[in-house]
1. Once you put a point 7 Å from the Cα of ARG43 and another 7 Å from the Cα of ALA174, both along the Cβ direction, what distance in nm separates them?
2. Estimate the FRET efficiency between ALA74 and ASP225 by the formula 1/(1 + (r/R0)^6), using the beta-carbon distance for r and 35 Å for R0, to the nearest 0.05.
3. May I ask you to compute the full-extension gain from ALA55 to ILE119, defined as 0.36 nm times their residue separation minus their alpha-carbon distance, rounded to one decimal in nm?
4. With 10 angstrom as the radius, rank ILE239, ILE49, ILE10, ILE177 by how many other C-beta atoms surround their C-beta, starting from the fewest.
5. Find the centroid of the Cα atoms in the range 123-138 and in the range 6-31, then give the distance between the two in whole Å.
6. Helix-only mean residue ellipticity at 222 nm, the chain, DSSP H runs n ≥ 4 weighted -39,500 (n - 2.57), per residue, nearest 500. What is it?
7. Just rank MET72, MET236, fewest to most, by other beta-carbon atoms within 10 angstrom.
8. At MET209 and ALA103, where each label point lies 7 Å from the Cα along Cα→Cβ, what is the point-to-point distance in nanometres?
Amino acid sequence: MDIRGKVAVITGAGSGIGRATALRLAHAGAAVVVADVDDTGARDTVAQIEGAGGAAVAVHADVTQTADAHRMLALAESRFGGLDILHNNAGITCGPAGYPGVAESGWQRVLDVNLRAVILGTQLALPALRRRGGGVIVHTASMAAFVGFPPDAIYAATKAAIVLFTHSLGGLKAEGIRVNCVCPGLVNTPMLTRDDAAERPAWLAHTPMLQPEDIADGVIELIRDDRLAGTVMRIMPGIRDFAPLPEFPAA
């Protein structure tokens, strides 16, 4: 896909991977709907895009709420004329308590944000993409989908589900809609590092981390390469590859 002139919606775009992707897409010529529950962060992302001469608008969106998801997607059409790209990026962890220490309400929220919202956003975006004759959806998953994540088993479970959700939607390419996902290793974002150094796990100090821009570059590749559908891109320090596509057993 040629990104210039396209319209993108990015969730969790007020910081981290979402912001980096928004900036990359705007630089490539896309208009961007910056969706986040963090209104200040979303406005800051828009200001950076507009300061560089790009087009963007911020919208408050709790991706677990159907009305909010509808509103952010409708804004792409009403403000910029359509929807071509959706980056389902918003994600959370169970926090310092991890699992099973976190309360049921805490891990249920992780399931809702990391998995249910991705399924919901994809379903709601498909009619708009069809109206444009096709488009691209990219999910943010994680390397935890492949290796697990002992500090937060619920987080790992949601990301593993996103990988198989992505594989399962590869057939939408027949309609001109490509669904892919990116699986980063540890990324230097507020979700992982937190502002309070006292809350950071000790092992983080000794673990190589990616930067949000590393992941944004992968997202851009998944959008641009028209061959890629149902594809899972893995990104680790110094490594970018694709997970093997599963094959259905012969009848």
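Since every read-out is calculated from the coordinates, none of them should be taken as a lab result. Fair warning: this is a prediction, and the values are worked out from it, not measured in the lab. Using ideal geometry, Cβ is built from the backbone for each residue, glycine included, and neighbour counts are taken over all protein chains shown.
1. The modelled label-to-label distance comes out at 4.8 nm.
2. Details: r = 28 Å, r/R0 = 0.81.
Plugging the Cβ-Cβ distance into 1/(1 + (r/R0)^6) gives 0.80.
3. Details: separation 64, 0.36 × 64 = 23.04 nm, distance 2.73 nm.
In short, 20.3 nm is gained.
4. Details: ILE239 8, ILE49 25, ILE10 33, ILE177 22.
So the ranking, lowest neighbour count to highest, is ILE239, ILE177, ILE49, ILE10.
5. Their Cα centres are 17 Å away from one another.
6. Details: 10 runs with 104 residues, N = 251.
It comes out at -12500 deg cm²/dmol, rounded to the nearest 500.
7. Details: MET72 26, MET236 15.
The most exposed by this proxy come first: MET236, MET72.
8. Calculated label separation equals 2.8 nm.
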